[in-house]
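The next block holds one structure in the form of structure tokens; read it before the comments.
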Amino acid sequence: MTTLIVEADGGSRGNPGIAGSGALVRDASGRVLATRATPLGKASNNVAEYTGLIDGLTLAAEIDPQAEVEVRLDSKLVVEQMSGRWRIKHEDMKRLAAQAAAILPPTQVRYTWIPRKQNGDADALSNEAMDASAAGTEWDPAASRITPD
């Protein structure tokens, strides 16, 4: 069975503020297979984090819907909520968590918290998305510093 690694991040400049998310998928050897950055306009940090997760899981499902997926996030909140250890109280987060959970069967997905310094590529993509959001433009994958190998 294929193993894919999703790295995702989201942020907002102000909370809420100019927001964006970034996600990438790696194969087991670490090669980048796909990337996505999503400008979100004005949104909260948590909405941006969940959007990055949704984008990453969507990319993984497009690559191989049968794959075992390890999701690596620097958001302890999202990792704990998606792992079922923390309750989701906010309605927007409930909706986004349900959307993420519906992309792949939960038995195929494992969530791992990583320190922010280990999530640099997803962070770079989320910053590219925030820059695009601040400029009122779409993200340009051709101009990204994070590209598929």
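The values are calculated or read from the model by the stated rules, or taken from the named source; none is laboratory data. Source: prediction; values computed, not measured. Note that each Cβ is placed from the backbone with ideal geometry, even for glycine, and that neighbours are counted across all protein chains shown. What goes into the accessible areas is simple: the full protein's heavy atoms, side chains included, and nothing from ligands, DNA or RNA. Shrake-Rupley method; radii C 1.70, N 1.55, O 1.52, S 1.80 Å.
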Restricting to the stretch 5-19, and then to whatever is within 21 Å of Arg145 (Cα to Cα) and more than 10 Å from the chain's Cα centre (by Cα), can you tell me which residue is most open to solvent (accessible area, probe 1.4 Å)?
Arg13
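Here is a yes/no grid of residues against (1) within 13 Å of the chain's Cα centre (by Cα); (2) without any contact (Cβ under 8 Å) to a residue 40 or more places away in the chain:
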residue: Thr51; (1), (2): yes, no
residue: Leu59; (1), (2): yes, no
residue: Ala67; (1), (2): no, no
residue: Arg85; (1), (2): no, yes
residue: Asp92; (1), (2): no, no
residue: Pro105; (1), (2): no, yes
residue: Arg110; (1), (2): no, no
residue: Gly120; (1), (2): yes, yes
Please go through (1) among the hydroxyl-bearing types (Ser, Thr, Tyr); (2) in contact with a helix residue (DSSP H, G or I) (Cβ under 8 Å, 6 or more places away or on another chain); (3) farther than 27 Å from Arg145 by Cβ for Thr107 and return the number of the only condition it doesn't satisfy.
(2)
